[in-house]
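Asker: Handing you this structure, nothing more for now.
The values are calculated or read from the model by the stated rules, or taken from the named source; none is laboratory data. Note that this is a predicted model, so its numbers are computed, not measured. Here the Cβ positions follow ideal geometry from the backbone for every residue, glycine too, while neighbour counts run over all protein chains shown.
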Amino acid sequence: MTPNRIATLCLAASCLVFTHLSHALPSDRDQPIHIQADTADLDDKKGTAIYRGAVVVTQGTLKITGDTVTVVQQANGDIKSFKSVGRPAYYEQIPDVDKELVKAYGMTIEYFAQQDKIVITDQAKVVQTNNTFRGEKITYDTMAETVVAGRAPAGTVSKEEPRVNMVIQPKKKTSEPNKTTEPATQ
């Protein structure tokens, strides 16, 4: 393959990844995709693109970083998954107009496009507002905005965390008008 063909295929693969990646802010899908990496390898037959070296991917409010980001396409060209590996890998996005930024950290972050799920493994952490979820493995459903945290399969983590750790902040109460009782006048 010529270098020009490889560059075109890498760009096309990158565009396909992120048009299907997010169901967050509607404007995110309309934003340009920016990918920075030291190297990019594309295997057209296997439908994979691998970006290496301090990879930074952005599109609208979406940001993904890692040492290596691998994109897998289905035969029809739709994105099957992406996998970001780092020390740690990182994901952030604003899920909706009235929601706060969601941040995820872990040694491995996998996004499964068809299920709209992110699986964070090994030192996994998801933060939204001031609520924090930690564990060996966290599954975050981006559409339902649900988190399931627990143990990862034996041998798949560098640091065992036998218990899930959650910090849930109380909702701020709206201040009520000062209710004073005045004596009744006659």
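Asker: Having 3 or more residues that are of a type in the set (Ser, Thr, Tyr) is the bar; report the strands (runs of 3 or more DSSP E) wholly within the stretch 71-128 that clear it.
Answerer: Numbers: elements: 79-93, 102-112, 117-128.
Those strands (runs of 3 or more DSSP E) span 79-93, 102-112.
Asker: Could you give me the residue pairs with C-beta distances under 7 Å whose first residue belongs to the stretch 105-116 and is within 11 Å of Gly66 (Cβ to Cβ), whose second residue is in a loop (DSSP other than H, G, I, E, B) and small (Gly, Ala, Ser) wherever it lies, and which are 6+ apart or on separate chains?
Answerer: Met107/Ser158
Asker: Hey, could you check the stretch 42-87 for residues that are in contact (Cβ under 8 Å) with a residue 60 or more places away in the chain and under 19 Å from the mean Cα position of the chain (by Cα) and say which is nearest to Val157 (Cα to Cα)?
Answerer: To start, the set of residues in the stretch 42-87 that are in contact (Cβ under 8 Å) with a residue 60 or more places away in the chain comprises 73, 77-79, 82.
So of that shortlist, the ones also under 19 Å from the mean Cα position of the chain (by Cα) come out as 73, 78-79, 82.
Values: Gln73: 27, Asp78: 30, Ile79: 26, Phe82: 19 Å.
This residue is Phe82.
Asker: Against the definition (in contact with a Lys or Arg (Cβ under 9 Å, 6 or more places away or on another chain) and at pLDDT 85 or above), how does Tyr140 come out, yes or no?
Answerer: Values: in contact with a Lys or Arg (Cβ under 9 Å, 6 or more places away or on another chain): yes; at pLDDT 85 or above: yes.
So Tyr140 fits the description; yes.
One line per residue, one yes/no per condition, for (1) crowded, with 19+ Cβ neighbours inside 10 Å; (2) at pLDDT 85 or above; (3) touching a strand residue (DSSP E or B) at 6+ places or on another chain (Cβ under 6 Å):
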| residue | (1), (2), (3) |
| --- | --- |
| Val69 | yes, yes, yes |
| Gly77 | no, no, no |
| Phe82 | yes, no, yes |
| Pro88 | yes, yes, yes |
| Glu100 | no, yes, yes |
| Lys103 | no, yes, yes |
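Asker: For the stretch 135-149, does any single residue satisfy the condition of being assigned to a loop (DSSP other than H, G, I, E, B), closer than 21 Å to Ile50 by Cα and either touching a strand residue (DSSP E or B) at 6+ places or on another chain (Cβ under 8 Å) or charged (D, E, K, R) (or both)? Spell out the reasoning first.
Answerer: Kept after step one, since they are assigned to a loop (DSSP other than H, G, I, E, B), are these residues of the stretch 135-149: 142-145.
Within this subset, residues satisfying the condition of being closer than 21 Å to Ile50 by Cα are none.
Checking the stretch 135-149: not a single residue is assigned to a loop (DSSP other than H, G, I, E, B), closer than 21 Å to Ile50 by Cα and either touching a strand residue (DSSP E or B) at 6+ places or on another chain (Cβ under 8 Å) or charged (D, E, K, R) (or both).
Asker: On to the next question. Test Pro88 against the criterion of being within 23 Å of Lys137 (Cα to Cα) and touching a Phe, Trp or Tyr at 6+ places or on another chain (Cβ under 7 Å), and give yes or no. Break it down stepwise before answering.
Answerer: Details: within 23 Å of Lys137 (Cα to Cα): yes; touching a Phe, Trp or Tyr at 6+ places or on another chain (Cβ under 7 Å): yes.
Against the criterion (within 23 Å of Lys137 (Cα to Cα) and touching a Phe, Trp or Tyr at 6+ places or on another chain (Cβ under 7 Å)), Pro88 qualifies.
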